[in-house]
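Values in this text are rule-based calculations from the coordinates and carry no lab data. In this text the structure is predicted, and so the values were computed from the model without any measurement. Positions of Cβ are generated from backbone atoms using ideal geometry, with glycine treated the same way; all protein chains shown enter the neighbour counts.
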Amino acid sequence: MTGVASKRTRSRFSVDPVRDRWESAPPWARWVVYLLLVVGALLLPAQGIGNIMAPPESDWPTMLSDQIGIYVLLGLGLNVVVGMAGLLDLGYVAFYAVGGYTIAIFATKYHWSFWETLVLAIVTASLAGVLLGAPTLRLRGDYLAIVTLGFGEIVRVTANNLNYVNGPRGIQGIPHPPTLSEWTVPGLDVQPFKYGLLDSRPYYYLLVFFIVVAIVFVKRLERSRVGRAWASIREDEDAAELMGVPTFKFKLAAFAIGAAIGGSGGVVFAAKQTSINPGSFTFMVSALVLAGVVLGGSGNIPGVIVGAFLLAWLPERFRGLSDYRMLIFGVALVAMMIFRPEGLWPSRQRKAELAEGSGGMGSMGAEVAGPGTAAEVTE
Amino acid sequence: MFSDFIHQFWPSTIDGLSLGAVYALVALGYTMVYGVLRLINFAHADIFMVGTFAAMWTVKTMGVSNLGGFALVGAILLSALVAGTVSGGGAVLLELVAYRPLRKRGASRLAALISAIGASIVIEQLFATIVVPKVFGLPKEGGKISQAYHFVHRTNVIDIGPIKVANDRLIIFVGAILIMIALDQFVNRTKLGRGIRATAQDPESAVLMGVNIDRVVTATFLVGGVMAGAAAALYYARFEEAWYFAGFLLGIKAFTAAVLGGIGNIRGALVGGVVLGLFESYGSSLFGSQWKDVVAFSVLILVLMFRPTGILGESLQQARA
């Protein structure tokens, strides 16, 4: 680690100076920053911020809860699979759908409560991850990509065709989570634990809670034996296997954990919307979440959060451009990848890996180190 | 269920073969780009979509209808030429704008994949918001142009007992096979084809042996684009509809076909396309047409479980192509 860090490149937009400060900061200072970040996240739905962040016709807290919060949570989940274990999953939406449909079925047909279905949905989503992973995780890279894409479509088309879940009309009347407390924050007009129809903020707080739990969980894993095993699989699967890492087992674990996080996102989504239909679970969701992960900096949690935030926020913010907003969005995606292929905020380790070789996901073929390219990559 | 299947066996087979031929043509574009760049060219589906609009534009401009016999062959040939040119040009442009800068910077394949998804959104939206309203004068949203300019008069040209083959199906299948033979010859017999194979096998050695990589990549995209354009013209003759989002499902099916046959393998694309087309067709007569996509992807997962590199294996590299 120190070896690669010393010869890292310093580009103009590098976050390395900040990172150096961060790494030498005393623990109490880090905890203060963590606390400030959480408080900042909780204050985010404020009207003053909304005036800048949301277009006039949109409700900022609803944007936060329906788009941004969900995408950040999904981004964190997909980051486990793509960023940490280096498995290309193009059908991540399937697990989101499994979570959503689990609460829809069990809450409307069997009258389970929100919290019971949450647990169940996490279990079913990770089972779905294992179910998909067990036969397919022996495949390499792009084969896995198309198989996961196919699985995502299978889930959506099946939901669309089954009468049990009302086909394309979907399931309505999913109950909101039960109110935990009528407590009102003093001085503010918000009841953070009362989940109703009108106020989106409680759902956003719930998502913040999920996101914080996911971050802590994933961060702990990253620093453990599991995380090191994932990094070794990402870098060189054959070498990892030879060193005694049971690669299949760890890949399956990455799939299951990523799926569980995606499933929990689906539960909140369904409970907030009170209805779901297969139209919400298209390939576009998988593509956007993946784009968020890569745009932010695959493998780096703060980067992924920023990336997913931007991807969910930008198209909503510029609704005013109506017809052309997706066009501009696509152009921005291509431009971002051209000018900063490693993402906005890549992890230091990943950057070093990229400079040294393939960065886990492998580089494109026909990319031969000519006079120009070699200098630019390794500098 | 099974009586339907038996009753529908021959029509399903013929539909499956003609659809599979279209899949195979589009799959060739995926497979060649993958062989050379190790990149899933997501925007290839939209290059195909551009081709369907070019074919529709040709039919609209010719102002013909109810064609049969050789007039139909001529019309499809002309629309294939136009669509092939437009799609081929589009594919080359796509490579220049969305992939070449990344390649020069040594970006990861994941970044290239996101760039591909971005490019795919751009092409779709260009058609949805600008081309469809401006060129065809149709409303922006939705914009599915169905049966607007139909020109095929369908008759059965082969009629042997239960086997009835309509003229459009026959033209599609024969046309696709001819194009694929031409491609196979191009890759195996020409100097540029050898360059493509060499690059797929080992880019660095290829450069050392004097292969111009940039030219090889451009040629690969051009050939892939022309194939997609030709496939689009054939597809248009069969379904007579164009939609800015039409590339998506067809694209993932074609990519599935490429993987099924063994990605990077040109003959594999043909096998994969036909197998997928047939299974899809049989699947819809067995379980109902709403399940055909599920059948297609399940076949993919099952095949890859037992043959992890596809039916014929990966082999653009191994000189056989």
**OP:** Could you tell me how many degrees, from 0 to 90 and to the nearest 10, lie between the Cα long axis of helix B:292-306 and the main elongation axis, the longest principal axis, of the Cα atoms of chain B?
**Re:** 40 degrees
Original post:
Out of A:307, A:50, A:99, any idea which swings most in a Gaussian network model of chain A, alpha carbons joined below 10 Å?
Top reply: A:50
Original post:
For region A:176-243, what number results from the quotient of the Cα radius of gyration and 2.2 N^0.38 Å?
Top reply: 1.85
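Would you mind getting me the FRET efficiency between residue A:34 and residue A:140? Use the beta-carbon distance for r and R0 = 41 Å, nearest 0.05. Kindly include the intermediate steps, with their values, before the conclusion.
Details: r = 38 Å, r/R0 = 0.93.
My answer for the efficiency is 0.60.
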Original post:
From the backbone phi of region A:81-96, what are the Karplus-calculated ³J(HN,Hα) couplings (6.51 cos²θ - 1.76 cosθ + 1.60, θ = phi - 60°) in whole Hz, Gly and Pro given as x?
Top reply: 6, 7, x, 8, 8, x, 9, 7, 10, 9, x, 4, 4, 4, 6, 4
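Ranking B:168, A:236 by Cβ neighbours within 10 Å, fewest first, what do you get?
Details: B:168 22, A:236 15.
With the sparsest Cβ surroundings first, the list reads A:236, B:168.
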Original post:
In whole Å, what is the distance between the alpha-carbon centres of region A:167-194 and region B:159-187?
Top reply: 60 Å
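Using only atoms on other chains, find how many Cβ atoms lie within 10 Å of each Cβ of peptide B:125-135 and report the average. Please list the in-between numbers first.
Details: counts 9, 3, 0, 3, 6, 3, 0, 0, 1, 0, 0.
Partner-chain Cβ atoms within 10 Å, mean over residues of B:125-135: 2.
Mean separation of Cα pairs under 8 Å and 6+ residues apart, divided by the residue count of region B:31-245: what relative contact order is that in percent? Please list the in-between numbers first.
Details: 285 pairs, mean separation 90.4, N = 215.
Computed over region B:31-245, the figure is 42 percent.
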Original post:
Tell me, what HN-Hα J-couplings in whole Hz come from the Karplus equation 6.51 cos²θ - 1.76 cosθ + 1.60 at θ = phi - 60° for each residue of region B:202-211, using x for Gly and Pro?
Top reply: 7, x, 5, 5, 4, 4, 4, 7, x, 7
**OP:** Using the Karplus curve 6.51 cos²θ - 1.76 cosθ + 1.60 with θ = phi - 60°, work out ³J(HN,Hα) for each residue of region A:246-259 in order, rounded to whole Hz, and write x for Gly and Pro.
**Re:** x, 4, 4, 4, 6, 5, 4, 4, 4, 4, 5, 5, x, 5
**OP:** Enter the angle in degrees (range 0 to 90, nearest 10) between the Cα long axis of helix B:191-201 and the first principal axis of the Cα atoms of chain B, meaning the one along which they spread out most.
**Re:** 70 degrees
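Taking only C-alpha pairs under 8 Å that are 6+ residues apart, what is the relative contact order of region B:215-294 in percent? It would help to have the intermediate numbers written out before the result.
Details: 40 pairs, mean separation 10.6, N = 80.
The value is 13 percent.
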**OP:** Name the residues whose placed amide hydrogens come within less than 5 Å of the amide hydrogen of residue B:67, ignoring near sequence neighbours (fewer than 5 apart) on the same chain.
**Re:** B:152, B:153
Original post:
What is the ratio of the Cα radius of gyration of region B:226-267 to 2.2 N^0.38 Å, where N is its residue count, to two decimals?
Top reply: 1.27
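Which whole number in µm²/s is D for region B:89-195 by Stokes-Einstein, with the Kirkwood Rh taken over Cα pairs at 25 °C and 0.890 mPa s?
Values: Rh = 18.5 Å.
For these conditions, the coefficient is 133 µm²/s.
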**OP:** Would you kindly calculate the translational diffusion coefficient of region B:79-133, applying Stokes-Einstein with the Kirkwood radius from alpha carbon pairs, for 37 °C and a viscosity of 0.692 mPa s, and quote it in µm² s⁻¹ without decimals?
**Re:** 265 µm²/s
**OP:** Determine, from the Cβ-Cβ distance of residue A:166 and residue B:185 and an R0 of 51 Å, the FRET efficiency 1/(1 + (r/R0)^6), rounded to the nearest 0.05.
**Re:** 0.45
**OP:** Evaluate the distance, in nm, between pseudo-label points positioned 7 Å from the Cα of residue B:289 and of residue A:284 along their respective Cα→Cβ axes.
**Re:** 2.5 nm
Original post:
Amide H to amide H under 5 Å from residue B:241: which residues, 5+ apart in sequence or cross-chain, H placed 1.01 Å off N in plane?
Top reply: B:147
Original post:
Per residue and in Å³, how big is the convex hull formed by the alpha-carbon atoms of the protein assembly as shown?
Top reply: 164 Å³
Subject >> P(r) of region B:31-245 over all Cα-Cα pairs, binned every 5 Å from zero, in whole percent >> reply: 1, 7, 14, 17, 16, 14, 12, 9, 6, 3, 1, 0, 0
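Express the Stokes-Einstein translational diffusion coefficient of chain A in µm² s⁻¹, to the nearest whole number, given a Kirkwood radius over alpha-carbon pairs, 10 °C and a viscosity of 1.306 mPa s. If you can, show how the numbers build up before the last one.
On the way: Rh = 21.8 Å.
Here the translational diffusion coefficient equals 73 µm²/s.
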Original post:
Spin-label point model (7 Å from Cα, Cβ direction): what's the residue B:10 to residue A:51 distance in nm?
Top reply: 7.6 nm
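Can you show me the helix-derived [θ] at 222 nm for chain A, built from DSSP H runs with n ≥ 4 at -39,500 (n - 2.57) apiece and divided by the number of residues, rounded to the nearest 500. Present the calculation step by step, with values, prior to reporting the outcome.
Numbers: 18 runs with 243 residues, N = 379.
Calculated from helices alone, the mean residue ellipticity at 222 nm is -20500 deg cm²/dmol.
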Original post:
How far, in degrees from 0 to 90, does helix B:167-189 lean away from the longest principal axis of the Cα atoms of chain B, to the nearest 10?
Top reply: 20 degrees
Original post:
For region A:37-99 and region B:69-103, what is the separation of their C-alpha centers, rounded to whole Å?
Top reply: 39 Å
Subject >> Paramagnetic reach from residue A:21 in region A:38-62 [backbone N under 20 Å; point 7 Å along Cα→Cβ] >> reply: A:38-41
